[in-house]
1. What percentage of the solvent-accessible surface of region 58-119, computed with a 1.4 Å probe over protein heavy atoms, is contributed by carbon and sulfur atoms?
2. Enter the accessible area per residue of the chain (Å², integer; probe 1.4 Å; all protein chains in place).
3. Based on alpha-carbon centroids, what's the gap between region 122-137 and region 83-101 in Å, whole number please?
4. With an 8 Å cut-off on Cα pairs and a minimum separation of 6 or more residues, tell me the relative contact order of the chain in percent.
5. Rounded to the nearest 20 Debye, what is the dipole magnitude of the chain about its Cα centre when Lys and Arg each give +1 and Asp and Glu each give -1 at the C-beta?
6. So, in region 3-206, how many Lys pairs have Cα atoms under 17 Å apart, if the pair is 8 or more places apart or on different chains?
7. Note down the net charge around Ala62, summing +1 for each Lys or Arg and -1 for each Asp or Glu among other residues with Cβ under 11 Å from its Cβ.
8. Which value in deg cm²/dmol, rounded to the nearest 500, describes the helix-derived mean residue ellipticity at 222 nm for the chain, given -39,500 (n - 2.57) per DSSP H run of n ≥ 4 and division by the residue count?
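The values are calculated or read from the model by the stated rules, or taken from the named source; none is laboratory data. What you see is a predicted model; the values in this text were computed from it and never measured. Here Cβ is always computed from backbone atoms with ideal geometry, including for glycine, and neighbour counts include all displayed protein chains. Please note that ligands, DNA and RNA were not included when accessible areas were found on the heavy atoms of the full protein model with its side chains. Shrake-Rupley method; radii C 1.70, N 1.55, O 1.52, S 1.80 Å.
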Amino acid sequence: MTKDRLGISDRLILATHNEGKLREFRELLAPMGITVMSAADCGLPEPEETETTFAGNAELKAVAAMSATGLPALADDSGVTVEALNGDPGVYSARWAGEPRDFGMAMGLVLDKLATADATTDEARGAAFVAVLALARPGAETLLFEGRCDGHITDAPRGGLGFGYDPIFVPQDGDGRTFGEMSSEEKHGGERPLSHRARAVALFKAALEGGGAR
Ligand code: IMP
């Protein structure tokens, strides 16, 4: 069985307290006979994301859950990086929205900072969504799968779909609409999905089915 090849039996911990992520991964892994339990189900605390890279934070969360349970654990970390802002908000994408989360404010911050940096053209407003999945396995190296979607930041938010920074991001392989103007199927679906998360998940699935990891 390919999942045995990756050191996964029929149970996997998903190192997240986010119900949305849990649902997505349950749907993805069920056809492979893998049962997913969340870190919250197992009573695990949420570790602080102290690393400065998506891979570092994904690995930190996966390893913490694997060490606490002795079971293989999957975690992800994602965000938007803006070139003219030296990669910000990057791994701090969720934190830029404050507590409780206010992504209207976080998008406003990005737009203000780009205006201050005099970044007016699509080229000067280059950005990417990045998602890294980490699979931590007892007694084996952690595997990383990175998905990326390049694009640019708009002048103003457009569209009310999706979440987070979707209304200010235009994927370069799309048709000029923001992620906030696309249905979930348009963002994540199809043979060649646009979204960073779907691309990372596709790499993970390929590894389960016999491919490689980054
Ligand atoms: P985390 O991976 O849970 O630490 O949070 C990632 C943060 O990045 C989210 O709270 C969003 O603000 C942002 N983000 C990640 N992926 C997307 C996306 O597909 N659309 C919009 N925002 C995203």
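1. Accessible surface attributable to carbon and sulfur in region 58-119 totals 52 percent.
2. 49
3. 13
4. 17
5. Value, rounded to 20: 600 debye.
6. 4
7. Result for the neighbourhood of Ala62: -1.
8. Calculated at 222 nm, the ellipticity per residue is -9000 deg cm²/dmol.
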